[in-house]
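Take a look at the structure set out below.
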Amino acid sequence: METDVLIIGGGPAGLSAAYETASRGLNVTIIEETWYLGGQLVQQTQSFEDMPNHYRQLCGFEIAENLIKKVEPFGIHVLTDHTLIGLYENGEMGISNDRDVFPVKASKIIMATGAAEIAVPFPKWTLPGIMTAGAAQILINRDRVLPGTKTILIGSSSFAFELAKQLHEVGIEVKGIVEQQSDIVLQNNCLIDEIEKLNIPILKNTKVIEAEGKGQVETLVIESNQGPQRIDVDFVCLDGGRNPILEAFLIANCSLSYRKILGGWVPDYDLNFETSSEGVYVAGNSTGITSKAAIFLTGSLSGISVCESLGKINSTEASQMKNLFWEELYQVEQQVNLEGWNSRLKHIEGYMGPNSHQSLSGIGRKING
Amino acid sequence: MEITNHPTLGKQIDEEVTFTFEGMPLTVQKGKTVAAALMTHRVRKLGVSRKLIQPRGLFCANGRCCSCFMTIDGKEHVRSCMTLVQNGMNVLQNNSDPNVRK
């Protein structure tokens, strides 16, 4: 099989890249591990304050529908239930549908593999019923199944608070949001108020001692300065943050750097989102996890770069468009995650050399600290 | 425990599918993964760990952690969170490593 652009991952970043490339006449193939497009947006029933402007009023699943509709007219070749499993000697990608493997020859590759949730280990954390926050959300919103009747959340990001609300709305008793530190991670006061109105306790300075249960979780033992407490639960949600998903980059021999703020090991890339492997680009959360907006905007940026390198757009137009996307990203992240923004620029600088990001003219950004 | 009237997504009643788990027939609405279908029937333990033989269940629901390995239609170590449940599917717990020499 041959294609101009092979996109690995059909989530928001892959679809954003697909739109930019396919709408300029390139032949685009998306491979997607699940049976549907939209990625993690599909189970998001909340809206996000750190989205690009035109998506801020919409829920996650509505944004997914929006994006899928947007790429529809361009005849993108979508291979669901397919994964990238290796690289042939001649540079073709080995794609598998779980039965057969076949080579795909692509002029350019955009890896939009996303991020995976990080486990929060404590004694007996592997008991059935203990799951990631994302898993619980998939169950209630995508698969429409109740994971149980009473739960507790470990971790206090905005995602944990949104999930607590959503679990409550489907009739699950949420016995608390547990945070080991003295401050919760979430900054949004409205969401904190909402959770307090629902009488969901926010348990700061509280750590998890262990889980108990025969064959599945029945009790979570937590401890605060008031002593240990045994919470009767039938499932537990862990909110431990996310890491970029890297297998595809390892297959393509892309170099990586460690950036704690971006989520750990991150593929190296330049201002065009091209990795150390020529013709292999990166988009979305695998460029580093900073804001929801970055997922879409890095997807668009990598797509524009690919169009430019394949001669579908001239360099003047390309640099104008890229500046617009970078500007939008800056506008969002200076409000919600300036640290993430700075870390991304440092990451690019670490790969391209000092002051390399200065070539993004006119936006007036600086690395702070 | 299926959510037929979702507070945000509204009402949805899908066609039913019947599969077997350890020989026991179970019915759910279609469009779910095997792991979610079992969760509907309060089955949490999907198998055991390979070394310490401890119970394992759905953990990440995203095909990453492999905690939900099961034997599906004779194929061992299938991620039950990434496989849509289908009529007549034969689902067994993952209780050991596959015999690769047979």
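A few points about this structure:
- Residue in segment B:67-74 that is within 13 Å of chain A (Cβ to nearest Cβ), in contact (Cβ under 8 Å) with a residue 60 or more places away in the chain and in contact with a helix residue (DSSP H, G or I) (Cβ under 6 Å, 6 or more places away or on another chain) present: no
- Inclusion of A:GLN40 among residues that are modelled with pLDDT under 95 and not β-branched (Val, Ile, Thr) is not warranted.
- Any hit, segment A:3-12, residues being within 30 Å of B:LYS32 (Cα to Cα), of a type in the set (S, T, N, Q) and not in a helix (DSSP H, G or I): no
- Single condition B:ASN62 does not satisfy, out of (1) buried (at least 19 other Cβ atoms within 10 Å of the Cβ); (2) over 20 Å from A:LEU238 (Cα atoms): (2)
- Selection status of B:THR18, closer than 19 Å to A:ILE140 by Cβ, among the hydroxyl-bearing types (Ser, Thr, Tyr) and either within 13 Å of chain A (Cβ to nearest Cβ) or in contact (Cβ under 8 Å) with a residue 24 or more places away in the chain (or both): no
- Verdict on B:LYS45 being surrounded by 13 or more Cβ atoms within 10 Å (Cβ to Cβ), free of Cβ contacts under 8 Å to residues at least 60 places away in the same chain and facing chain A (nearest Cβ under 10 Å): yes
- Complete set of residues in segment B:80-95 that are within 14 Å of another protein chain (Cβ to nearest Cβ), in contact with a Leu (Cβ under 8 Å, 6 or more places away or on another chain) and among the aliphatic types (A, V, I, L, M): none
- Segment A:47-66 - residue that is assigned to a loop (DSSP other than H, G, I, E, B) and polar (S, T, N, Q) and, of those, surrounded by the fewest Cβ atoms within 10 Å (Cβ to Cβ): A:GLN57
- Of everything listed in (1) in contact (Cβ under 8 Å) with a residue 40 or more places away in the chain; (2) surrounded by 20 or more Cβ atoms within 10 Å (Cβ to Cβ); (3) closer than 26 Å to A:SER96 by Cα, the single unmet condition for A:LEU41 is (1).
- All positions within segment B:85-102 that are surrounded by fewer than 17 Cβ atoms within 10 Å (Cβ to Cβ) and more than 18 Å from B:VAL48 (Cβ to Cβ): B:GLN86, B:ASN87, B:GLY88, B:ASN90, B:VAL100, B:ARG101, B:LYS102
Residues are listed down the side, and each one gets a yes or a no for (1) touching a Gly at 6+ places or on another chain (Cβ under 8 Å); (2) free of Cβ contacts under 8 Å to residues at least 24 places away in the same chain:
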| site | (1), (2) |
| --- | --- |
| A:LEU58 | no, yes |
| A:ALA64 | yes, no |
| A:ILE68 | yes, no |
| A:HIS77 | no, no |
| A:LEU84 | yes, no |
| A:GLU89 | no, yes |
| A:ARG99 | no, yes |
| A:PHE102 | yes, no |
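- Inter-residue pairs, beta-carbon under 6 Å, first within 14 Å of chain B (Cβ to nearest Cβ) and in segment A:143-169, second outside any strand (DSSP E or B) and of a type in the set (Lys, Arg), 6+ apart: A:ASP143/B:LYS32
- Residue that is farthest from the other protein chains (Cβ to nearest Cβ), among those in segment B:25-42 that are in contact (Cβ under 8 Å) with a residue 24 or more places away in the chain and of a type in the set (Val, Ile, Thr): B:VAL34
- Strands (runs of 3 or more DSSP E) wholly inside segment A:128-219 containing at least 1 residues that are touching a helix residue (DSSP H, G or I) at 6+ places or on another chain (Cβ under 7 Å) and among the hydrophobic types (A, V, I, L, M, F, W, C): A:150-154, A:173-178
- Picking from residues in segment A:22-46 that are of a type in the set (Val, Ile, Thr) and not in a loop (DSSP other than H, G, I, E, B), the one that is nearest to the other protein chains (Cβ to nearest Cβ) is A:VAL42.
- Taken together, the residues in segment A:68-101 that are surrounded by fewer than 16 Cβ atoms within 10 Å (Cβ to Cβ) and out of contact with any strand residue (DSSP E or B) (no Cβ under 6 Å at 6 or more places or on another chain) amount to 13.
Residue-by-condition table, conditions (1) within 14 Å of another protein chain (Cβ to nearest Cβ); (2) buried (at least 24 other Cβ atoms within 10 Å of the Cβ); (3) farther than 20 Å from A:HIS347 by Cβ:
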| residue | (1), (2), (3) |
| --- | --- |
| A:ILE231 | no, no, yes |
| A:PHE249 | no, yes, no |
| A:TYR258 | no, no, no |
| A:ASP268 | no, no, no |
| A:SER291 | no, no, no |
| A:SER305 | no, yes, no |
| A:LEU310 | no, no, yes |
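- Considering residues of segment A:102-120 that are surrounded by fewer than 21 Cβ atoms within 10 Å (Cβ to Cβ) and touching an Asp or Glu at 6+ places or on another chain (Cβ under 8 Å) only, the residue nearest to the other protein chains (Cβ to nearest Cβ): A:VAL120
- Every listed requirement among (1) buried (at least 16 other Cβ atoms within 10 Å of the Cβ); (2) at pLDDT below 95 is met by B:PHE21 save one, (2).
The values are calculated or read from the model by the stated rules, or taken from the named source; none is laboratory data. The shown structure was predicted, so the numbers you read here are calculated from the model rather than taken from an experiment. As a convention, Cβ positions derive from the backbone with ideal geometry for all residues, glycine included, and neighbour counts pool all protein chains shown.
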